Amino acid sequence: MRGFFSRHWYAYAMVLPAVIVTGVLVVLPLLQGAYYSFTNINESNIANPVLDRPASYEFTGLDNYANVLSGDASYGSFWDILLRTLIWTFACVGLHFVIGLALALLLNRPMRGRGVYRVLLILPWAVPAFISAFAWKYMFNAQYGIINQVLRALGLPDPVWLGQSDLALIAVILVNVWLGVPFMMMTLLGGLQSISGSLYEAAEIDGATPWQKFRNVTMPGLRSVSSTVILLGTIWTFNMFAVVYLITGINPNTRLLITYAFERFFNGASRDYAIASTYGVLILSVLLVFASVYRRALRRQGEVW
Amino acid sequence: MAEVAYVNASRVYPGSPPVRAVDELKLDVADGEFLVLVGPSGSGKSTALRMLAGLEDVDEGAIEIGGKDVTNVPPKGRDIAMVFQSYALYPHMTVGENMGFALKLRGVSKPDIKAKVAEAAKMLDLEKYLDRKPKALSGGQRQRVAMGRAIVREPSVFLMDEPLSNLDAKLRVETRANIAALQRRLGTTTIYVTHDQVEAMTMGHRVAVLKDGLLQQCDTPRALYETPANAFVAAFIGSPGMNLKTVPLTAAGAQLDGLEVPLPRTTLDKVGADGLKEVTFGVRPESLGLVGAGEDGMELTVELVEELGADAYVYGSVRIADQPERFIVRVDGRTPPALGQTVRVGLRDHSEIHLFNPETGARIEG
Ligand SMILES: Nc1ncnc2c1ncn2[C@@H]1O[C@H](COP(=O)(O)OP(=O)(O)OP(=O)(O)O)[C@@H](O)[C@H]1O
Ligand SMILES: [Mg+2]
């Protein structure tokens, strides 16, 4: 053991700063949040040095979890929000993947001006998300937004997009798809380019149709790339706060787990840090379960990961 | 089973100037023949093979398989199987699935596929590996899987593009023999591309030599060796290569240093009619030998001796017209000369020489 440290002290010294920074910025808040979820902490009982008030919150065991998981409306109707979050996540990631793959396939074939198309299609990703979010918010404006102007010009109904209806959810899904496709497209394009051309030629000689080539060469060749981006995309989308909040604000029809935790933390009569933390821990648990199930499924398909 | 023909087929890549990768190739391959395409790197061997496979456009001329024009037929309609240099095995399929894939696409029933794959696996000694993925195989095993994938199809033509270049030297020799034996057994027309002239000489019924997209000569290995059609083929075939020197002509023959090689009257007449003052004189290392002081010969200064056991190759220089010219001589391996020594080298037999036109490189028949 001593020999091990004296031999490898340099490596440990080098990773130490990263370990400390990660510990302070990630692990400590995480542990603190987890601890709060077992208390009744809120704005009125937290320690307040300005008022010279000591902390008076108490340990309440699993009460928060019991309340939240009961699905009670005063604790945010957890199951309804979870369902909406799942719909949101799978709609977004599914569309990201399908559209991204389709564009990647188009861009992967030799054609004139390919470089220009690639740059244009990556642009949505290069623009800061909040700028795109505000731009879309104006475009969705019921009165002056370009979307409704076009719909009116075509003689189609012009709905209130961002009001208190499920249209708001559809609108934010559209925006998030628009924002997320470039990343999928670029990663999948990279994956496509790593598939050896001779495999396509071998399949061609073996008598494969274009669809059979796609099924037997392209999809298997993309498997490791796509399984990674789908996992990442799912986590990002599940926790996508900025787009939803910036476009619809606090709107029960676009309420997701992550936005509700935020709402609970910063809004309401008494800022309920305990319930917000409980939601945070539940989000983490859902994602952990998802990631491990997903990994197991991949491993069963023989993917080394 | 089918015969194959290139009918003045060309592949021209656009550009300025356009690249004629394969230039008016005219070649007939008989049914059941093993033809080797050989040439230096960039000579258009792969391109010619891919034209036959349908993976490359034919810009001029035509390709025929089994007497039918297939110039515009896609690969799947040509009834060919190809072994790629990289093997191009499907990485996510097992060995068995790889070999049966083409049959599966054709809608052959599962038991039939299984039987055919098992048969090919037995032939290639792959039975143990049928359930493995290509990743878990050695290079030689992958090579056999690639062969198996081609065999299972029972195509009318096999195409192979340098299938042995990823193997080590020993395995290459072994696999070379196996492929030749397999081809003899199956009797399938085979076109085999290689840049290795030893492979070409040992495997093919006939060998076609390409250079810059142009067919130089197509003949049996023996004929290529004994009567190369031009100086390029003479230098390319054989290892080490033929000694080729441009030397002045005299009234009676070719003048090399102290050695005047007499030429037959007919040859001299022909050369004279062409108005040549010089000829490119070629002689293989084994046609030269060490001679005694009194005999006709050239003074060779030994610069390098390559001992191969039975034989030794002596690399050295001779002064011809005051220019040092390099020569390679095969000598008895037991008594090689020492470095720096000067030895006398003579011709074994005056008929074992090759003469080429120094300008066109074409063979001058003697
Ligand atoms: N897309 C292309 N555009 C222009 N020229 C090309 C193209 N592809 C190949 N060539 C040229 O065609 C010629 C023949 O190429 P080919 O691949 O057939 O050579 P090869 O004989 O197989 O060589 P090697 O032994 O190195 O594999 C080369 O000079 C090459 O530069
Ligand atoms: Mg090649």
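The values are calculated or read from the model by the stated rules, or taken from the named source; none is laboratory data. Bear in mind the structure is a predicted one, so any value in this text is a computation, not a measurement. Backbone-built Cβ (ideal geometry, glycine too); neighbour counts: all protein chains shown. Accessible surface is based on the protein model in full, side chains and every heavy atom, while ligands, DNA and RNA are left aside. Shrake-Rupley method; radii C 1.70, N 1.55, O 1.52, S 1.80 Å.
Before moving on, here are some points about what is shown:
- First in segment B:99-115 and within 11 Å of another protein chain (Cβ to nearest Cβ), second anywhere and of a type in the set (Lys, Arg), Cβ under 6 Å, 6 or more apart: B:Met99/B:Arg149; B:Ala102/B:Arg153
- Any hit, segment B:238-256, residues being within 14 Å of the chain's Cα centre (by Cα), open to solvent by 30 Å² or more (accessible area, probe 1.4 Å), in contact (Cβ under 8 Å) with a residue 24 or more places away in the chain and within 30 Å of B:Phe34 (Cα to Cα): yes
- If you filter segment B:56-65 down to residues that are within 15 Å of ligand 1 (Cβ to nearest atom) and in contact with a helix residue (DSSP H, G or I) (Cβ under 7 Å, 6 or more places away or on another chain), you find that the one that is farthest from the other protein chains (Cβ to nearest Cβ) is B:Val58.
- Selection status of B:Arg20, away from ligand 1 (no atom under 16 Å from the Cβ) and either more than 14 Å from chain A (Cβ to nearest Cβ) or at pLDDT below 95 (or both): no
- Among residues of segment B:20-29 being closer than 17 Å to B:Gly204 by Cα and open to solvent by less than 20 Å² (accessible area, probe 1.4 Å), the one that is farthest from ligand 2 (Cβ to nearest atom) is B:Val29.
- Subset of segment A:169-199 [surrounded by fewer than 21 Cβ atoms within 10 Å (Cβ to Cβ), within 14 Å of another protein chain (Cβ to nearest Cβ) and part of a helix (DSSP H, G or I)]: A:Gly197, A:Ser198
- Unique match (being acidic (Asp, Glu) and either open to solvent by less than 40 Å² (accessible area, probe 1.4 Å) or touching a Phe, Trp or Tyr at 6+ places or on another chain (Cβ under 6 Å) (or both)) among B:Glu306, B:Glu299, B:Glu365, B:Glu278: B:Glu306
- Restricting attention to segment B:9-19, the residues that are open to solvent by 10 Å² or more (accessible area, probe 1.4 Å) and either within 16 Å of ligand 2 (Cβ to nearest atom) or among the hydroxyl-bearing types (Ser, Thr, Tyr) (or both) total 4.
Table: residues versus (1) more than 26 Å from B:Glu278 (Cα to Cα); (2) within 16 Å of ligand 1 (Cβ to nearest atom); (3) among the basic types (Lys, Arg).
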site: B:Ala208; (1), (2), (3): yes, yes, no
site: B:Lys211; (1), (2), (3): no, yes, yes
site: B:Leu224; (1), (2), (3): no, no, no
site: B:Pro228; (1), (2), (3): no, no, no
site: B:Phe236; (1), (2), (3): no, yes, no
site: B:Lys245; (1), (2), (3): no, no, yes
site: B:Ala254; (1), (2), (3): no, no, no
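- Lone qualifier among B:Val152, B:Val157 - being within 28 Å of B:Val29 (Cβ to Cβ) and touching a strand residue (DSSP E or B) at 6+ places or on another chain (Cβ under 7 Å): B:Val157
- Contact map, segment B:35-55: first residue within 14 Å of another protein chain (Cβ to nearest Cβ), second residue in a loop (DSSP other than H, G, I, E, B) and more than 9 Å from ligand 1 (Cβ to nearest atom), Cβ cut-off under 7 Å, separation 6 or more or different chains; pairs are B:Met51/B:Val58; B:Gly54/B:Val73; B:Gly54/B:Pro74; B:Gly54/B:Arg78.
- When A:Tyr65, A:Tyr36 are screened for being touching a Leu at 6+ places or on another chain (Cβ under 9 Å), hydroxyl-bearing (Ser, Thr, Tyr) and surrounded by 11 or more Cβ atoms within 10 Å (Cβ to Cβ), only A:Tyr65 passes.
- Taken as a whole, the condition of being aliphatic (A, V, I, L, M) and touching an Asp or Glu at 6+ places or on another chain (Cβ under 6 Å) does not apply to A:Leu103.
- B:Asp131 being touching a Lys or Arg at 6+ places or on another chain (Cβ under 8 Å), acidic (Asp, Glu) and not in a helix (DSSP H, G or I): no
- Hey, B:Lys122 farther than 27 Å from B:Leu224 by Cβ, within 14 Å of another protein chain (Cβ to nearest Cβ) and either in a strand (DSSP E or B) or more than 16 Å from ligand 2 (Cβ to nearest atom) (or both) or not: no
- On inspection, A:Ala55 passes the criterion of being in a loop (DSSP other than H, G, I, E, B) and loosely packed, with under 12 Cβ neighbours inside 10 Å.
- Verdict on B:Ala115 being open to solvent by 20 Å² or more (accessible area, probe 1.4 Å) and over 17 Å from the mean Cα position of the chain (by Cα): yes
- Residues of segment A:242-267 classified as outside any helix (DSSP H, G or I) and open to solvent by less than 60 Å² (accessible area, probe 1.4 Å), total: 4
- For segment B:54-76, the criterion of being open to solvent by less than 70 Å² (accessible area, probe 1.4 Å), under 28 Å from B:Cys218 (Cβ atoms) and under 19 Å from the mean Cα position of the chain (by Cα) is met by no residue.
- Looking at segment B:302-360, the strands (runs of 3 or more DSSP E) lying wholly inside it that each contain 3 or more residues that are aliphatic (A, V, I, L, M) sit at B:311-320, B:323-332, B:342-347.
- Screening B:Ala102, B:Ala146, B:Ala121 for residues that are over 24 Å from B:Gly204 (Cβ atoms) and in contact with a strand residue (DSSP E or B) (Cβ under 8 Å, 6 or more places away or on another chain) leaves exactly one candidate, B:Ala102.
- Qualifying position, being part of a helix (DSSP H, G or I) and closer than 30 Å to B:Lys104 by Cα, among A:Gly233, A:Gly207, A:Gly280, A:Gly221: A:Gly221
- Evaluation of B:Leu137 against the conditions (1) open to solvent by less than 30 Å² (accessible area, probe 1.4 Å); (2) within 14 Å of chain A (Cβ to nearest Cβ); (3) of a type outside the set (Lys, Arg) shows that the sole unmet condition is (2).
- Within segment B:30-50, considering residues that are within 11 Å of ligand 1 (Cβ to nearest atom) and more than 12 Å from B:Asp161 (Cα to Cα), the one surrounded by the most Cβ atoms within 10 Å (Cβ to Cβ): B:Gly39
- Candidate set from segment A:200-240 (those that are farther than 21 Å from B:Lys135 by Cα, of a type in the set (Val, Ile, Thr) and at the interface with chain B (Cβ under 9 Å from one of its Cβ atoms)); member that is surrounded by the most Cβ atoms within 10 Å (Cβ to Cβ): A:Ile205
- Filter result for A:Gln149 (more than 21 Å from A:Ala242 (Cα to Cα), part of a helix (DSSP H, G or I) and open to solvent by 20 Å² or more (accessible area, probe 1.4 Å)): yes
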